[in-house]
1. Looking only at region B:379-403, how many residues end up being facing another protein chain (nearest Cβ under 10 Å) and within 12 Å of A:HIS281 (Cβ to Cβ)?
2. Only one residue in A:GLY183, A:GLY224, A:GLY152, A:GLY132 is within 21 Å of the chain's Cα centre (by Cα) and at positive phi, so which one is that?
3. Among the listed residues B:SER156, B:SER152, which satisfies the condition of being more than 17 Å from B:GLY186 (Cα to Cα) and surrounded by 16 or more Cβ atoms within 10 Å (Cβ to Cβ)?
4. What are the residues in region A:341-380 that are within 14 Å of chain B (Cβ to nearest Cβ), surrounded by fewer than 16 Cβ atoms within 10 Å (Cβ to Cβ) and part of a loop (DSSP other than H, G, I, E, B), if any?
5. Surrounded by fewer than 19 Cβ atoms within 10 Å (Cβ to Cβ) and either farther than 17 Å from B:SER107 by Cα or within 16 Å of the ligand (Cβ to nearest atom) (or both), is that true of B:ASP66?
6. Just the residues that are within 16 Å of the ligand (Cβ to nearest atom), away from chain A (no Cβ under 14 Å) and of a type in the set (Ser, Thr, Tyr), please, taken from region B:126-152.
7. Can you find, within region B:153-206, the residue that is farthest from the ligand (Cβ to nearest atom) among those that are farther than 25 Å from B:ASN392 by Cα and of a type in the set (Phe, Trp, Tyr)?
8. Out of the residues in region B:35-63 meeting the condition of being modelled with pLDDT under 95 and β-branched (Val, Ile, Thr), tell me which one is surrounded by the fewest Cβ atoms within 10 Å (Cβ to Cβ).
Amino acid sequence: MSTENTTSTELDELRSAVRDFMTAKADERAVRAAIDSERGYDDKVWAQMAEQLGLQSLALPTEHGGDGYGLVELTVVLEEMGRALLPSPFLSSVVLAGTALVAAGGDEAARILPGIAAGTTTATLAPPNVDGGWSLGGRGTGDALAVTASAGTDDVTLEGTAPLVLDGAGADVLLVVAGGPAGPGLYAVDADAAGLTRTPLPVLDLTRRIATVTFAATPARLVGAAGGAAAILDRVLDVATTALAAEQVGAARACLEASTTYAKDRVQFGRQIGSFQAVKHKAADMLTRVQVADAAAREAARAVDGLADAPEAGVAAAVAHAVCSEAFLAVATENIQVHGGIGFTWEHAAHLYYRRAKASQLLFGGPAVYYERLLAKAGV
Amino acid sequence: MPSEMDQFVAEVTAFLDAHATRRARAAEDVAWGEGEDRITYFSTDPPDVENAKVAAAKAWQRTRYDNGFGWITGPTEFGGRGLTTLHDLVYDGLEAGYDVPETGVLSLIGLGMIGPTILAHGTDELKQRYLPRLYSGEIIACQLFSEPAAGSDLASLETKAVRDGDGWILNGQKVWTSVAHHAAIGLALCRSNPDNPKHKGITAFVVDMTAPGVDVRPLRQMSGGSEFNEVFLTDVHVGDDHRLGPVDGGWGVALTTLMNERASVGGEGAGPVGRAVALPFLTELLRANGRLDDGAARRRLAELHADTLATEYLNHQMVRKFRAGEQPGPEASVSKLMYAQNLTRGAHFAAEIIGPRLIADTGAWGTYSWTELLLSTPALRILGGTEEIMKNILAERVLGLPKEPGIDTRSPFRELRRSAGATESRSA
Ligand SMILES: Cc1cc2nc3c(=O)[nH]c(=O)nc-3n(C[C@H](O)[C@H](O)[C@H](O)COP(=O)(O)OP(=O)(O)OC[C@H]3O[C@@H](n4cnc5c(N)ncnc54)[C@H](O)[C@@H]3O)c2cc1C
């Protein structure tokens with residue numbers, strides 16, 4: 001597999017295919033319908049993503065039913081999903097669970113991955129900490145593991161409550177980092193397992209569902225090596241924050257375009273508001289942020305794919321996570337401002353992006369975590 | 001079989017090994033407490049030191065040129081090597097690993113902006129006359145654009161060019177002219193037709209800086225040194241063969257220069273100045289001041305580092321676009337804005353950590369030395385198009401937002417209000 005061989009023309013073709021799909025299947029009306037639905041996303045669209053475009057399989061390894069591409073290609077897809085604010089379990093199932101399973105390896109992973117690649121199984125990975133954080137570093141009390149596993153490798157059961165599980169109520173398979181005798185390990189639990197309680201929670205970002213998941217003597221299977229979660233989680237965070245960064249860039253660009261269009265249309269004081277320099281400079285600042293975020297997200301994708309001339313993956317992913325989180329939040333905030341009163345209405349899409357921006361920024365811990373992660377990755 | 005680029009790399013490496021010494025460590029990577037602690041952007045050197053540095057810069061450029069690296073992208077008939085921008089970037093990357101004289105005095109304006117403008121708009125004779133001399137380091141060129149009443153609004157410049165037989169007579173004043181005191185030629189924009197609208201009555205000339213009537217007076221910068229000047233032009237005669245571009249068509253010439261200016265101001269950042277945003281150096285700064293566990297300081301450092309690396313990634317992307325034969329988009333302007341911001345933040349971050357020891361020279365290593373950068377960074381938001389003008393350009397040209405409503409692009413230049421004072425005196 002050499003992802004360096006995908007030309008920019010091929011990436012452009014991929015982008016336009018995905019954009020056409022999103023325009024047809026995930027316009028604002030469709031997004032709002034999905035938000036109001038029981039499941040939180042349109043499962044027909046999810047199936048078509050797999051059948052027509054093969055998006056779920058794109059960046060998974062060929063030996064597990066994937067197409068063997070990398071983050072460089074997936075970035076294009078994620079940007080378009082972010083742009084549309086597509087509600088779907090893609091981040092939880094393909095990115096979080098998919099990456100964890102590939103990193104863990106072994107029979108159990110090989111059993112689950114083909115379904116994820118085909119879009120017929122959805123999986124998710126619960127944040128390991130009691131406060132919803134993702135650290136095994138043990139820096140604070142919040143870092144305590146939310147779930148513990150019983151001893152042994154057969155007939156393992158889980159005990160505890162994972163508080164903020166992405167798509168936790170709907171996923172077919174739940175992956176959990178649980179404390180075990182050999183240290184934190186990765187475990188898989190089926191949706192119909194005994195002693196499993198899943199409680200959907202009210203959410204800030206209406207386009208992503210979150211649940212609390214409680215395990216009471218719930219049967220689970222070890223994935224990969226016993227006590228092997230630390231390395232898995234490190235890889236998951238690099239990949240997932242890079243994937244999130246691509247989504248953030250796509251969504252931020254959508255906000256910039258919405259503001260630019262509105263600034264050309266809206267007339268006050270007999271002029272287009274975009275001719276007022278305060279508005280113009282705001283737009284230029286938004287553009288600057290989007291360009292820099294775009295560069296950071298792309299470079300992180302190249303780094304995570306291990307391309308020859310790319311920077312160290314951990315550093316580039318941490319840069320992208322910080323820069324893209326800050327950029328998207330700033331741009332989504334200014335998008336409301338450029339729109340004035342209409343931007344503060346429920347009917348306008350601006351708040352959907354603002355909600356996504358704030359929730360995405362905090363999803364893996366937020367600024368206090370991502371800036372320290374960058375310093376740690378850079379050796380400070 | 002080695003690729004063409006591999007051969008180029010081997011050739012450059014052989015040249016550099018023969019003529020320069022490899023650096024023991026990256027330029028921005030100094031051992032804490034040892035060696036040079038100055039972080040200079042604008043020079044504060046006394047004239048003899050400055051002149052010696054200019055001579056060394058010219059000599060090194062000559063060596064580059066004699067070995068085929070003086071003008072890598074230039075056409076061969078004018079002394080260039082005929083290679084691509086990518087070759088140029090590869091050369092820069094390799095040279096950064098060696099200790100060589102700093103050549104900014106030649107490259108930033110002369111080679112980076114004036115050379116490309118002469119190449120794009122000059123007659124073959126003019127190109128033959130000046131380009132080899134410029135790129136071999138024999139002469140330095142300056143940019144005679146800004147005037148006291150024409151800065152951001154460059155097209156309102158007033159220096160007059162009047163026909164005189166088969167030549168022209170120039171009269172007027174230029175200002176903020178960097179390196180004019182070392183320059184043999186200058187690219188001057190002049191008002192040739194005040195009856196046309198302001199953009200349509202300008203003509204560009206290559207001016208001999210040693211000609212009678214050219215008076216260069218140094219101006220002292222807030223940073224203490226004198227690298228820019230005011231230049232008075234009094235009845236300066238210029239032959240019509242030194243005109244660049246059509247009569248009254250000088251604005252197109254100016255745009256070529258300005259485009260190259262934006263491209264050249266962004267990408268720098270290596271060298272000693274790079275230390276101001278280099279994580280290892282700033283980490284040592286924290287350690288030396290016992291602040292490595294200070295959460296607020298760590299947060300500011302991390303924020304700066306994230307933006308610095310993201311800007312670096314943006315520059316990498318520009319390089320990759322060149323490599324793929326694509327034209328970069330707004331990256332150059334964005335990079336310029338970010339560069340100024342990052343360097344400014346680096347300087348103020350260091351100042352916060354150093355505290356009062358920065359405000360007077362106690363002789364302690366790496367403390368008062370930061371004042372040079374602190375006194376230089378304000379210029380980065382002004383030169384080469386102010387921050388505000390860059391934002392106008394991004395918003396109008398990239399995003400397509402409407403221009404400011406204005407009448408001054410249509411009316412004849414002589415009818416425009418050019419300063420508040422002028423209007424008052426007219427109404428008095
Ligand atoms: C260190 C240094 C070196 C330089 N070297 C050279 C050189 O070699 N050759 C040369 O020709 N020039 C040179 N310059 C000049 C430089 O290009 C000008 O200073 C710059 O273009 C700004 O012009 P000004 O100084 O007249 O400021 P002004 O144009 O008067 O601007 C003053 C303020 O008003 C703002 N402003 C002006 N117009 C607008 C607008 N439309 N919208 C919003 N805000 C606006 C500006 O952003 C600025 O904040 C140099 C400047 C510096 C500082």
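1. Total satisfying the criteria: 11.
2. Working: A:GLY183 fails: within 21 Å of the chain's Cα centre (by Cα); A:GLY224 fails: within 21 Å of the chain's Cα centre (by Cα); A:GLY152 fails: within 21 Å of the chain's Cα centre (by Cα).
It is A:GLY132.
3. Just one listed residue meets the conditions, B:SER156.
4. A:GLY366, A:GLY379
5. no
6. B:SER146
7. Among them, the one singled out is B:TRP168.
8. Looking at the filtered set, the residue picked out is B:VAL49.
The values are calculated or read from the model by the stated rules, or taken from the named source; none is laboratory data. Model, not experiment: these values are computed from the prediction. A quick note on method: Cβ atoms are made from the backbone with ideal geometry, for glycine too, and the neighbour counts reach across all protein chains shown.
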